[in-house]
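A short write-up of the structure that comes next.
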Amino acid sequence: MDVPQTIEVSSFLICRWTTWTSLALIPWSLSVAAVEPVTAPAPDAGGLTLQEVIDQGVLGLNFEPETLLHTKENARKLADLWRKHLPLIEEESWKQSCKRDPSQDDFCPIVLGLSAREAMEAPEDSEVNETPELIIEVVPPSTQVVLDALKAGKVDTLANATSVQMYSALRRIKKISELNGAIGGALALETGFHCKNPIVATAIAQKVETFFPDATLKSTMYSLFDKVASCPDSEAADRARFRSAVHRIADGNCTGALPVLDRLYSSGNGEYAPRALYWKARCADARGDKLQFSMLQQKLLKEFPLSYHSIVLNRSQLTRLSRVLGTHMPRVLLRSHENPRLNAWIRAIEGLIAIDSIPFARRVMARSMDSLLKLEPELMLYLSVLADRVRDPILQFRFLGVVFRQAPDLITQDTLKAFYPLKNFKAIQEYAGSLDPFFVASLIRQESGFNPQARSRVGAMGLMQLMPRTAFTLERVSRSALLDPRTNIRLGTRYIGGLVNHYGNDAELALASYNAGKLVVDAWKNRYAGMDRMAFLDLIPYKETRDYVVLISRNYFWYHNLYGELQGRPLKFNSIQPIAKNKRRMPTVEDEAPQAAPGYRKLVFTLFE
């Protein structure tokens, strides 16, 4: 369990659940009843504000009276089709008609089973290769074959090994002596081999980390990471570069880390680019370069305004952080000018909302997300409203997350309150006990998006995503009871409260444990003992947990700043702590004195005093 598993290569959306929905405390919640046309200016005549769309229950169909009735009629037919209520002869007639002329109505791509991406492709967009070349399928070795090769030092046979196979095989290695052959074999191979499959050296280096704090292994880890340092950009190569850079900075070697950080930033990798700027700033601060430090602070805030690393780096600059929030009311688009073919999908979603067929509208939106997330930011802002209407906070947050990255000027207090909703707050306050209710709300947002019916692939349930067996250790409760918001919050706060107690009020370790388990987190504590807290957070081996902790910490910051008046005042910030001079150990969060929110216990967070 010490090695990153498949989660390290999975696409992380936002941990097990990411989070988003609206609440009674803000004007984002919308009626999901059938929406009738409203009188308003045409969308292209200056545009509508976000608040107008919300207050008036606007749908783009409202401005297309010539297609409104037809779209509603076809929405009812699609709902009947999916409910299996549409007569077979009518279904076949509809499909045949769509095959003859797919452009005749907005529902044809859906009826024909096309994805939004396929529907966007015109016939001329795809070249037909009438004489395709012979394709030879490369079959990767089995996990057992990979394990045998690693133990025998035959790393050169692993050119086709997958990430899952490498980490699964390495997880079975329990002693450093069993890994020596693989280390020697990997170091003996030329860079060309490792650039073809950078996961080999990266995974072995991360396995070496599991035997820390043995200092003699540090040079071995660096040598393995360096094998892929010059390779083309890839998920595995970027991971190796970033981990190597953070370790070097933690060891007081900023000089060796800076070229790697420059490359990571230039690559545009969304996971590592803001982190690279953060650590470049920390290095500038360590060498006393105040001008460079200030420039990097502002650069990080401008390019990644909602990044946790940006907030941490700018935490002592309240005025600068406040500038992130615009004061204007954003305007929205209702149709795409850049990708007009996708307007059919938007109309289909609107039509299903208009007839109050919310589950099917949600299904169409979910199936077309990959394409919808490539639309204009102002249109995605409108689609985030539709996502709220179809009661899918996860989709709403995905839209808003992309909007904020692409168009920071659309970040306002109103849009942020949609991004950080505050539902079930009375129940949270009732059961939080000595925990800060905003801490609990931050966790719920990340786990379920305040969706009480949320279920994960592994069986976690409800607002706080409790596993039934975990809940049963707290109280004899049925699985169905975990879908009740009050029951889930009552048991979830007891569980996270116990973890906070276990780690001496260290909220970040408690969160990591809530996601990955106490045994794993305790092993990480031992492995990276005495390390700067931000370095520790960035080196958490599991991608899901690494992102989970910083995202909830970010949530906590914004909940206090958006809703702090509900319980007194926002928390105070630490000023940036310098890298310790003439020491191998960087200052830890334990060196700081955290300050509690009024009336609640003191939680240790990197952000707060």
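Tabulated results
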{"item": "Residue list for the stretch 374-396, filter: more than 16 Å from Gly449 (Cα to Cα) and open to solvent by 30 Å² or more (accessible area, probe 1.4 Å)", "result": "Lys374, Glu378"}
{"item": "Matching entry among Ile552, Ile540 (being modelled with pLDDT of 95 or more, in a loop (DSSP other than H, G, I, E, B), under 30 Å from Ala418 (Cβ atoms) and not small (Gly, Ala, Ser))", "result": "Ile540"}
{"item": "Residue satisfying condition, being modelled with pLDDT of 95 or more and closer than 28 Å to Ser177 by Cα, within set Arg275, Arg263, Arg239, Arg282", "result": "Arg239"}
{"item": "Which listed residue, of Leu114, Leu69, Leu81, Leu59, is within 17 Å of Asn343 (Cβ to Cβ) and open to solvent by 20 Å² or more (accessible area, probe 1.4 Å)", "result": "Leu114"}
{"item": "Glu303 being crowded, with 23+ Cβ neighbours inside 10 Å and among the acidic types (Asp, Glu)", "result": "no"}
{"item": "Count of the stretch 365-379 residues which are part of a helix (DSSP H, G or I) and out of contact with any strand residue (DSSP E or B) (no Cβ under 9 Å at 6 or more places or on another chain)", "result": "8"}
{"item": "Long-range neighbours under 7 Å by Cβ, at least six apart or interchain, first residue among the hydroxyl-bearing types (Ser, Thr, Tyr) within the stretch 330-348, second part of a loop (DSSP other than H, G, I, E, B)", "result": "Ser336/Leu375; Ser336/Glu376"}
{"item": "Qualifying residues in the stretch 297-324 (those that are of a type in the set (A, V, I, L, M, F, W, C), part of a loop (DSSP other than H, G, I, E, B) and at pLDDT 75 or above) - the one farthest from Thr49 (Cα to Cα)", "result": "Phe304"}
{"item": "Matching entry among Tyr420, Tyr514, Tyr503, Tyr431 (being open to solvent by 10 Å² or more (accessible area, probe 1.4 Å) and either among the acidic types (Asp, Glu) or under 24 Å from the mean Cα position of the chain (by Cα) (or both))", "result": "Tyr514"}
{"item": "Selection status of Val364, over 15 Å from Val53 (Cα atoms), β-branched (Val, Ile, Thr) and more than 19 Å from the chain's Cα centre (by Cα)", "result": "yes"}
{"item": "Residue among Arg362, Arg341, Arg391 that is closer than 29 Å to Asp80 by Cβ, assigned to a loop (DSSP other than H, G, I, E, B) and of a type outside the set (Ser, Thr, Tyr)", "result": "Arg391"}
{"item": "Within the stretch 50-78, tally of residues that are modelled with pLDDT of 90 or more, of a type in the set (D, E, K, R), out of contact with any helix residue (DSSP H, G or I) (no Cβ under 6 Å at 6 or more places or on another chain) and part of a helix (DSSP H, G or I)", "result": "5"}
{"item": "Residues of the stretch 194-214 that turn out to be in a loop (DSSP other than H, G, I, E, B) and not β-branched (Val, Ile, Thr), as a count", "result": "6"}
{"item": "Residues of the stretch 453-480 that turn out to be assigned to a strand (DSSP E or B) and charged (D, E, K, R), as a count", "result": "1"}
{"item": "Residue within the stretch 215-226 that is out of contact with any strand residue (DSSP E or B) (no Cβ under 9 Å at 6 or more places or on another chain) and part of a loop (DSSP other than H, G, I, E, B) present", "result": "no"}
{"item": "Residue match in the stretch 284-301 (condition: among the aliphatic types (A, V, I, L, M) and within 19 Å of Ala407 (Cβ to Cβ))", "result": "yes"}
{"item": "Residues of the stretch 517-538 satisfying the condition of being in contact with a Pro (Cβ under 9 Å, 6 or more places away or on another chain) and open to solvent by less than 50 Å² (accessible area, probe 1.4 Å)", "result": "Val520, Trp524, Arg527, Tyr528, Gly530, Asp532, Arg533"}
{"item": "Count - residues of the stretch 244-270 that are within 25 Å of Arg554 (Cβ to Cβ), surrounded by fewer than 21 Cβ atoms within 10 Å (Cβ to Cβ) and in contact (Cβ under 8 Å) with a residue 24 or more places away in the chain", "result": "3"}
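The values are calculated or read from the model by the stated rules, or taken from the named source; none is laboratory data. Because the structure is a prediction, the values reported are computed rather than measured. Every residue, glycine as well, gets a Cβ built from its backbone with ideal geometry; the counts of neighbours run over all protein chains shown. In case anyone asks, the SASA skips ligands and DNA or RNA and just uses the protein heavy atoms, side chains included. Shrake-Rupley method; radii C 1.70, N 1.55, O 1.52, S 1.80 Å.
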